[in-house]
Each structure stands twice: as C-alpha cells, then as structure tokens.
1. Do we find that Y66 is aromatic (F, W, Y) and either in contact with a Pro (Cβ under 6 Å, 6 or more places away or on another chain) or surrounded by 12 or more Cβ atoms within 10 Å (Cβ to Cβ) (or both) in this structure?
2. Quick check on this structure: which one of V71, V3 is of a type in the set (A, V, I, L, M) and either at pLDDT below 95 or surrounded by 15 or more Cβ atoms within 10 Å (Cβ to Cβ) (or both)?
3. Which members of the range 14-36 meet the condition of being more than 15 Å from I70 (Cα to Cα) and either small (G, A, S) or not in a loop (DSSP other than H, G, I, E, B) (or both)?
4. Could you tell me which of the residues I40, I11 is surrounded by 13 or more Cβ atoms within 10 Å (Cβ to Cβ), in a helix (DSSP H, G or I) and within 9 Å of the chain's Cα centre (by Cα)?
5. How many residues, within the range 1-22, are in contact with a strand residue (DSSP E or B) (Cβ under 8 Å, 6 or more places away or on another chain) and of a type outside the set (K, R)?
6. Can you tell me which of L53, L67 is touching a Ser or Thr at 6+ places or on another chain (Cβ under 8 Å) and of a type in the set (A, V, I, L, M, F, W, C)?
7. Need pairs with beta-carbon distance below 8 Å; first residue closer than 16 Å to D43 by Cα and within the range 53-71, second modelled with pLDDT of 95 or more and exposed (fewer than 14 other Cβ atoms within 10 Å of the Cβ); sequence gap 6+ or separate chains.
Amino acid sequence: MKVVLDVNVWISGLLWGGVPGKIFKLAKNQRITIFASQKILADIEDTLERPKLQSRKQYCGYTTAYLMTIV
C-alpha cells in the first residue's frame with residue numbers, strides 16, 4: 001500500500017511515536033510505502049525548526065539534520 005502523510009503526522013511520529021509512530025513501523029517492515037513530495041519534505045524541515053519543538057528534540061536527543069535522514 002502506498003501512503004502520503006501530512007506534515008503533522010510526520011512530526012508526531014518522529015518526536016512522540018503513538019499511532020503515527022506505528023505507521024513508520026509499518027513502513028520499516030515493508031507493509032506500506034510512504035511517499036513525500038519535495039514540498040512536504042521542506043515543510044517537515046521548517047516545522048522541525050520551530051521554537052516550540054526545540055525542547056522536544058533536545059529531550060529526545062535529536063537534531064533536525066538527524067530527523068531529516070529518517071524522513
């Protein structure tokens with residue numbers, strides 16, 4: 001199955017897990033294929049740089065650069 005995720009789902013899955021995180025596990029196990037346009041990738045990166053997410057990234061020990069390698 002092919003899926004396209006909203007930026008909010010990407011951010012939630014990357015930083016909090018939960019149901020969006022389960023979607024990433026499905027992709028890792030090759031049950032689904034996630035597609036993202038260049039626009040969505042740029043929006044994910046921009047969103048990860050927002051001040052309100054800095055403390056969560058720090059808590060998780062992640063940088064935007066690292067998270068973008070996962071995306």
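1. On the way: aromatic (F, W, Y): yes; either in contact with a Pro (Cβ under 6 Å, 6 or more places away or on another chain) or surrounded by 12 or more Cβ atoms within 10 Å (Cβ to Cβ) (or both): yes.
Spelling it out, Y66 is indeed aromatic (F, W, Y) and either in contact with a Pro (Cβ under 6 Å, 6 or more places away or on another chain) or surrounded by 12 or more Cβ atoms within 10 Å (Cβ to Cβ) (or both).
2. V71
3. G18, V19
4. Working: I40 fails: within 9 Å of the chain's Cα centre (by Cα).
Result of the check over I40, I11: I11.
5. Within the range 1-22, the subset in contact with a strand residue (DSSP E or B) (Cβ under 8 Å, 6 or more places away or on another chain) is 1-5.
Applying the additional criterion that residues be of a type outside the set (K, R) yields 1, 3-5.
So the answer is 4.
6. Details: L67 fails: touching a Ser or Thr at 6+ places or on another chain (Cβ under 8 Å).
It is L53.
7. T64/E49
The values are calculated or read from the model by the stated rules, or taken from the named source; none is laboratory data. Quantities reported herein were computed from a predicted structural model and do not represent experimental measurements. When we count neighbours, we look across all protein chains shown, and the Cβ atoms used for this are built from the backbone with ideal geometry, even at glycine.
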